[in-house]
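J.: Sharing a structure, written as structure tokens. Questions coming.
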Amino acid sequence: MPETFILVTDGACSGNGTDDSRGGWAAILTAADGTEEVLTGGEYPTTNNRMELMAALEGLAAAPEGSEIELVTDSSYLANAISKGWLTGWQRKGWRTAGRQPVANRDLWERMIDELARHRRVRPVLVRGHAGHAANERADRLAQDAARDAQPRSEEPFIPRQGQLGLDVE
């Protein structure tokens, strides 16, 4: 029987997308027995969507391989990319959106594909932000605190997964 977890995530960003932006993320991973692991981090410059993705990635990475995870998020960007097939479509279209623009945060979405593959099932649950969902409100406070302590963003080089050439062909 696979382990089951509830993963509540949130991202926060002040000055979203500007050179002065500061972002933070939080992930609260709770096992069936109630034990929890709280993860936070932050960086600048960044965007809110990057922070939402980082929260989910770090939370998924903390869960044991083969787990079943209910991913609670207030990010429709994150939830819809997973549940409505956007992620699969972007990959199939050479990392282009329906409007033929490059997909933002491709580096994180490629990591997401790997994290989703590590688990038996990841089911996004979209909640309304700032609407009284206690765990989401807690994650939001943690993400805001992490944004205040944000560190400069470190650019990690793209490392192709096995079987990839690392080339973009258009």
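The values are calculated or read from the model by the stated rules, or taken from the named source; none is laboratory data. These numbers were taken from a predicted model, which means no experiment stands behind them. Don't worry about glycine lacking a Cβ; one is built from the backbone with ideal geometry, like all the others, and counts go over all protein chains shown. Side chains are part of the model used for accessible areas, which takes the heavy atoms of the whole protein and leaves out ligands, DNA and RNA. Shrake-Rupley method; radii C 1.70, N 1.55, O 1.52, S 1.80 Å.
J.: Leaving out ligands and nucleic acids, note down the accessible area per residue over the chain with a 1.4 angstrom probe, in whole Å².
T.: Ligands and nucleic acids excluded, the figure is 56 Å² per residue.
J.: Taking 0.36 nm per residue of sequence separation and subtracting the Cα-Cα distance, how much length would be gained by fully extending the chain between Glu70 and Asp149, in nm to one decimal?
T.: Length difference between fully extended and current span is 25.6 nm.
J.: Give me the percent relative contact order of the chain, please, defined on Cα pairs under 8 angstrom at least 6 residues apart.
T.: With pairs under 8 Å counted, the relative contact order is 31 percent.
J.: Can you tell me how much longer the chain between Ala117 and Arg92 gets when fully stretched, taken as 0.36 nm per residue apart minus their C-alpha distance, in nm with one decimal?
T.: So the chain would gain 7.3 nm between Ala117 and Arg92.
J.: Per DSSP H run of at least 4 residues, take -39500 (n - 2.57); add these up for the chain, divide by its residues and hand me the 222 nm value, nearest 500 deg cm²/dmol.
T.: Rounded to the nearest 500, the figure is -10500 deg cm²/dmol.
J.: May I pose another question? Rounded, prolate or oblate: which fits the stretch 45-97 when a ≥ b ≥ c are the square roots of the eigenvalues of the alpha-carbon gyration tensor, with rounded for a/c under 1.5 and prolate only if a/b beats b/c?
T.: Cα axes put the stretch 45-97 in the oblate bin.
J.: List the residues, sorted by chain then number, that are 5 or more residues from His119 or on another chain and whose placed amide H is less than 5 Å from its amide H.
T.: Under 5 Å from the amide H of His119: Gly66.
J.: What order do you get for 91-102, 127-138 when each peptide is scored by the mean count of other beta carbon atoms within 10 Å, highest first?
T.: The packing order, highest mean first, is 127-138, 91-102.
J.: For the stretch 42-47, in order, what is each residue's ³J(HN,Hα) by Karplus, 6.51 cos²θ - 1.76 cosθ + 1.60 with θ = phi - 60°, in whole Hz (x at glycine and Pro)?
T.: Listing the rounded values in order: x, 7, 8, x, 6, 10 Hz.
J.: Roughly how many percent of the accessible protein surface of the chain is carbon and sulfur, given a 1.4 Å probe and a whole-percent answer?
T.: Carbon and sulfur atoms account for 48 percent of the accessible area of the chain.
J.: Could you tell me which of rounded, prolate or oblate describes the chain, using a ≥ b ≥ c as the square roots of the eigenvalues of the alpha-carbon gyration tensor, with rounded for a/c under 1.5 and, failing that, prolate when a/b is larger than b/c and oblate otherwise?
T.: oblate
J.: Under a point spin-label approximation (7 Å from Cα along Cα-to-Cβ), what is the Arg106-Thr4 distance to one decimal in nm?
T.: 3.8
J.: Tell me, what is the FRET efficiency for Ala32 and Arg128 to the nearest 0.05, using R0 = 22 angstrom and their Cβ-Cβ distance as r?
T.: E(calc), rounded to 0.05, equals 0.30.
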